1. Out of all the residues in the stretch 231-251, which are assigned to a loop (DSSP other than H, G, I, E, B) and loosely packed, with under 13 Cβ neighbours inside 10 Å?
2. Output the residue which, of all residues in the stretch 183-226 that are in a loop (DSSP other than H, G, I, E, B) and under 18 Å from residue 29 (Cα atoms), is nearest to the ligand (Cβ to nearest atom).
3. In the stretch 27-43, what residues are under 22 Å from residue 181 (Cβ atoms) and either of a type outside the set (Asp, Glu) or under 12 Å from the mean Cα position of the chain (by Cα) (or both)?
4. Looking at (1) closer than 30 Å to residue 295 by Cα; (2) touching a residue at least 40 places away in the same chain (Cβ under 8 Å); (3) more than 16 Å from the chain's Cα centre (by Cα); (4) more than 16 Å from the ligand (Cβ to nearest atom), which one does residue 245 not meet, given that it meets all the others?
5. Residues of the stretch 120-152 being exposed (fewer than 15 other Cβ atoms within 10 Å of the Cβ), more than 20 Å from residue 100 (Cβ to Cβ) and among the polar types (S, T, N, Q), which ones?
6. Could you tell me whether any residue of the stretch 15-36 is in contact with a helix residue (DSSP H, G or I) (Cβ under 6 Å, 6 or more places away or on another chain) and part of a helix (DSSP H, G or I)?
7. Taking residue 59 as the residue in question, decide whether it is at pLDDT below 95 and within 29 Å of the chain's Cα centre (by Cα).
Amino acid sequence: MAKSKQQPEEPACWAIVHPGLEDIAADEILRDFGGEVKKKSKGIVVFRPKRLDRDILQLRTTEDVFVYGWGTDQLSYRSTDLESIRKWTALEADWPTLLKIHHSIRPKPKGKTSWRMVVQMTGEHGYRRYDATKALAKGLVGKFPASWPEAEENASVEFWLTIHGSTGICGIRISDRNMRHRTWKVEHFPASLRPTVAACMARVAELKPNQVVVDPMCGVGTILGECWTLAKRKARGDMAAWNSTFLGGDLDPHHVKLAGTNLRELGEFELRPWDARRLPLEPESVDRIVCNPPFGKQLSTPEEIVPLYQQFVRNMDRVMKVGAIAVLLVAEPAVMKESIRKYDWKQLRYQPIRILGQPAVIMAYRKEPPPE
Ligand SMILES: C[S@@+](CC[C@H](N)C(=O)[O-])C[C@H]1O[C@@H](n2cnc3c(N)ncnc32)[C@H](O)[C@@H]1O
């Protein structure tokens with residue numbers, strides 16, 4: 001048999017995710033796109049996709065994706081890092097190849113190609129973000145046409161450097177704002193969830209065909225939209241064969257209206273105003289609940305959270321079938337756990353995360369059969 005030619009490896013990529021969601025994003029990369037996850041660190045997943053093309057922009061759990069220039073785990077926190085950043089940028093990254101990949105995935109916009117640098121830093125370093133940006137700029141000298149104008153924002157090419165403690169990672173952004181914000185989500189309100197977090201919750205829910213999927217406090221419909229999108233991917237586009245019902249409601253009729261606007265283009269949803277403390281659903285009729293109830297600080301008094309969660313859990317238990325799964329994002333996990341304690345629910349997952357700097361937890365439970 002003729003020896004098959006070895007395919008050249010695709011270049012590595014890295015993704016920014018909400019801290020705590022690295023494993024779920026890695027699972028999406030591996031299972032839905034194929035390839036290899038090289039490394040996970042706080043808020044970052046480094047991977048080598050099986051195929052690097054526009055499909056990568058279909059990742060749902062990642063905030064942004066980049067082609068990989070260089071990376072290190074050994075920043076010293078001292079100002080000597082600045083010379084390393086300059087040197088690695090100048091010598092280690094194959095910028096012509098990375099730019100070619102960028103242009104193949106992000107078609108050139110009208111007008112002149114512009115560029116900018118984005119530097120993110122967390123941790124206590126002996127240098128400022130401004131200094132790291134300067135070091136990056138020095139390393140980039142001569143790596144792209146000098147005629148490209150530098151832009152404040154909306155640049156066609158963005159060179160990113162992310163520094164989290166001793167980790168530094170640098171490359172070119174290949175996603176745009178649609179990866180994190182979605183094109184379908186046009187209506188928002190302040191407590192509305194980031195779609196990438198909702199996409200992670202949808203994955204934790206283990207959606208299957210022939211299910212009733214409910215978000216009892218749906219806000220503007222982010223979670224339902226992400227459940228639909230994931231189900232559609234699993235169904236390879238055939239939602240008639242998938243045969244599931246996506247149901248949502250909210251106490252605030254205005255939120256229900258906004259959810260309707262967001263979800264109209266996406267698929268078929270049943271939405272109505274309701275009180276999740278008295279769900280107008282049949283007992284044992286629901287397979288999946290995926291929900292982000294209000295955080296204590298979103299209520300008029302934080303004490304309201306205890307009775308709200310207690311009544312909400314009682315209602316969820318009533319409408320869930322045995323074997324149904326509830327995936328809940330909460331900022332007061334102890335209150336939710338205490339509300340769930342007296343029911344026959346088995347904890348499947350407890351995933352602390354940070355959303356825009358705030359701690360929260362994704363909790364998943366399965367309703368078990370009552371004890372004999
Ligand atoms: C944190 S927000 C959910 C955000 C939603 N996941 C989104 O992305 O838009 C909580 C929602 O719960 C709703 N809510 C509060 N109490 C409720 C209740 N008793 N029944 C139903 N909805 C309720 C609020 O109106 C709000 O829309």
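1. 236, 237, 238, 243
2. 205
3. Taking the stretch 27-43 first, the residues under 22 Å from residue 181 (Cβ atoms) are 28-29, 32-33, 43.
Residues satisfying the conditions are 28, 29, 33, 43.
4. The number of the failed condition is (2).
5. Within the stretch 120-152, 120, 122 meet the criteria.
6. yes
7. Judged against the criteria, residue 59 is not a match.
Table: residues versus (1) of a type in the set (Phe, Trp, Tyr); (2) surrounded by fewer than 24 Cβ atoms within 10 Å (Cβ to Cβ); (3) in contact (Cβ under 8 Å) with a residue 12 or more places away in the chain; (4) in contact with a helix residue (DSSP H, G or I) (Cβ under 9 Å, 6 or more places away or on another chain).
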position: 179; (1), (2), (3), (4): no, yes, yes, yes
position: 182; (1), (2), (3), (4): no, yes, yes, yes
position: 189; (1), (2), (3), (4): yes, yes, yes, yes
position: 221; (1), (2), (3), (4): no, no, yes, yes
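The values are calculated or read from the model by the stated rules, or taken from the named source; none is laboratory data. Keep in mind that what you see is a predicted model, and the values were worked out from it rather than measured. Counting neighbours? That spans all protein chains shown, and the Cβs are built from the backbone with ideal geometry, glycine included.
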